[in-house]
Amino acid sequence: MKIGFVGLGHMGAPMALNLLKAGHAVTVFDLSASAMQTLAEAGAQKAASAKAAASGAECVITMLPAAAHVRSALTAEDGVLAGIAKGVTIIDSSTIDPASVKEFAKLAAAQGNAFVDAPVSGGTGGAAAGTLTFMVGGSAEIYESVKPVLSGMGKNIVHCGETGTGQVAKICNNLVLGITMAGVAEAMALGEALGIDPKVLGGIMNTSTGRCWSSDTYNPYPGVIETAPSSRGYTGGFGTDLMLKDLGLATDAAIGVHQPAYMGALAQQLYQAMSSHGDGKLDFSAIIKLYRAQKG
C-alpha cells in the first residue's frame, strides 16, 4: 500500500521502517529533517508537510506525543485533512485522551474519512522488532481493514471496541506500567540499601511472585538487564515526561467518571518530581533516582 506516516520519534521511526520492510511504499513527514533523512535512506519518500504525506496515500498513520500535536497535524492548513482523499483511513497510534479521539473522528468523518485510534504497547524495543501490541478502537469492519497494515508493525492486533476504546485500553495499561515501575524501583533501591547484590535480587524477583515487565525486561537498576535503558544511562526509551502525560490522562479520565485512582495519583506525583528535577527526558525507569539520590 501507499502509506503516509506522520511522526518519526523513538516509536514512529522504527514503525515506519517496519512498514518499508513489509513492502509498503511509505511517505514520511516529521519536523526533524534528520529523522526524515534516516527513513529516506531506508527507502521512504520525504514529504514537505503532513498534507503532502497524506496526498495520494491509501492509508495515513500518525504517531505523535500528545493530542495537541495530533490536532495540529490533522487540521493545520498543511495538515493531513487538507491532503487526504475521501475514503482513506487515518490511523492514530499516539497516546491521547478518548475525548480527543472522538473529536478527531468527527472531523475526519465530516469529509468522508474513517479515524481509528490504535495506540501501542511494547516500547522502543517492540517498535524496532515489529512485535508491538496495537489496541484498536473502531467498528469491526474498519478494524479488519486496518489489521493488515498494523500487522506490519506489530504482533498482537486487538480490537477493543468502538472509537476511543483503544485509548481507554492504553491509558489503563500505562497506569499499571507507571505504578509497577515505581514499585520495582522502590524494591531494588531497598535491596541495595540492605546489602543484597542487585543482580541477585533482580533474578529472584524475576522467578518469583514479584515478576513483571518492569522487572524482567525493563529493570530500573543499572546492569540487571543489559538491554534495558537503565544500562545505557536511561537513554533511548520511553521518556519520563511521556509517562507523566499518560498518568495525567489516566487520572483525568478517572476524575471524569468519579473512579478513584489512589496509586495512579501517587505515581503521577513521583514522575512529576522527576520532571521537576530536570530528568523529564530520561527514560521513565530513571524513577529509581528518587530512591538512590544519596548515592548519586
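Annotations
- Matching residues in the range 26-64 - criterion: being of a type in the set (Asp, Glu) and over 18 Å from residue 114 (Cβ atoms): 30, 41
- Check on residue 253, closer than 28 Å to residue 99 by Cα and surrounded by fewer than 17 Cβ atoms within 10 Å (Cβ to Cβ): no
- Being assigned by TED's automatic domain parsing to the domain that holds residue 273 and assigned to a loop (DSSP other than H, G, I, E, B) is a property that residue 209 has.
- Which listed residue, of 271, 218, 262, 234, is among the aromatic types (Phe, Trp, Tyr) and either surrounded by fewer than 16 Cβ atoms within 10 Å (Cβ to Cβ) or in the same structural domain as residue 68 (by TED's automatic domain parsing) (or both): 262
- Looking across the range 221-231, the residues that are among the hydroxyl-bearing types (Ser, Thr, Tyr) and either within 10 Å of residue 282 (Cβ to Cβ) or buried (at least 19 other Cβ atoms within 10 Å of the Cβ) (or both) come down to 221, 230.
- Leading residue by the ranking (nearest to residue 70 (Cα to Cα)) among those in the range 20-59 that are touching a residue at least 24 places away in the same chain (Cβ under 8 Å), in contact with a strand residue (DSSP E or B) (Cβ under 7 Å, 6 or more places away or on another chain) and among the polar types (S, T, N, Q): 49
- Hits in the range 44-66 (condition: in contact with an Asp or Glu (Cβ under 6 Å, 6 or more places away or on another chain), outside any loop (DSSP other than H, G, I, E, B) and over 20 Å from residue 152 (Cα atoms)): 51
- Residue 208 vs. criteria under 21 Å from residue 114 (Cα atoms), of a type in the set (S, T, N, Q) and free of Cβ contacts under 8 Å to residues at least 60 places away in the same chain: no
The values are calculated or read from the model by the stated rules, or taken from the named source; none is laboratory data. As the structure is a computational prediction, the values presented were derived from the model and not from experiment. Every residue, glycine among them, receives a Cβ derived from its backbone with ideal geometry; neighbour counts consider all protein chains shown.
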